[in-house]
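Accompanying notes for the structure given below.
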Amino acid sequence: MRDTKLKQRKRRDLYSLYKKGLEEGQFTSMREAGAWLVRQPAPCFYISPEEACKLIGRILGNRSLIDVNSSTRRMVWELYRRYKDYLYRNPKTKKSRISIMNELVEQPAPEFYMTSDAVRRTLRGEISEVKIRTGWGE
């Protein structure tokens, strides 16, 4: 994910979910938090419609996604499934793939498509940013 705004959005959403999990007592350590967060649904897919189009184009062209990390690959296959479902439900659509992807990437996703290690690294970064912004811990 190269888009800085998407990264920031993902960090904020993960942090919000982390705070919610803390309040609910879902975990007691950062390790448990990472394991819990990877099982939670995400508000969107955190991929640009352009990148999703490019990767789905590779699937449609029978080209491998072997060079894409496994979490992103799972996400792209889910978007591909939704794309095919969209076309099946709307056989006469005149919408372009990018137009359809604009809708699909903003739909709720079944997960954040991250490993628990990546979630913990992201959270640590966001917690540090929150501390700086708010003066928390001074």
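The values are calculated or read from the model by the stated rules, or taken from the named source; none is laboratory data. Remember, predicted model here, so these are calculated numbers, not experimental data. No Cβ is skipped: glycine too gets one built from the backbone with ideal geometry, and neighbour counts run over all protein chains shown.
Considering Y46, Y86, which residue is touching a Lys or Arg at 6+ places or on another chain (Cβ under 8 Å) and at pLDDT 95 or above? Break it down into steps so the answer makes sense when it comes.
Working: Y86 fails: touching a Lys or Arg at 6+ places or on another chain (Cβ under 8 Å).
The unique qualifying residue is Y46.
Among the residues of region 53-71, are any within 22 Å of L14 (Cβ to Cβ) and among the basic types (K, R)?
No, every residue in region 53-71 fails to be within 22 Å of L14 (Cβ to Cβ) and among the basic types (K, R).
Can you pull out the residues in region 92-128 that are without any contact (Cβ under 8 Å) to a residue 24 or more places away in the chain and among the charged types (D, E, K, R)?
K92, K94, K95, E103, R121
Please list, ordered by residue number, the helices (runs of 4 or more DSSP H) wholly in region 1-109 having 2 or more residues that are surrounded by 13 or more Cβ atoms within 10 Å (Cβ to Cβ) and assigned by TED's automatic domain parsing to the domain that holds E126.
The helices (runs of 4 or more DSSP H) meeting that bar are 4-24, 30-37.
Within region 35-47, is even one residue without any contact (Cβ under 8 Å) to a residue 24 or more places away in the chain and hydroxyl-bearing (S, T, Y)? Talk me through it step by step, then tell me what you get.
Within region 35-47, the first condition is being without any contact (Cβ under 8 Å) to a residue 24 or more places away in the chain, and the residues that meet it are 36.
When the remaining residues are screened for being hydroxyl-bearing (S, T, Y), the result is none.
Among the residues of region 35-47, not one is without any contact (Cβ under 8 Å) to a residue 24 or more places away in the chain and hydroxyl-bearing (S, T, Y), which makes the answer no.
Working only within region 66-108, note down all residues that are farther than 30 Å from R39 by Cβ and either of a type in the set (D, E, K, R) or touching a strand residue (DSSP E or B) at 6+ places or on another chain (Cβ under 9 Å) (or both).
The answer is K92, K94, K95, R97.
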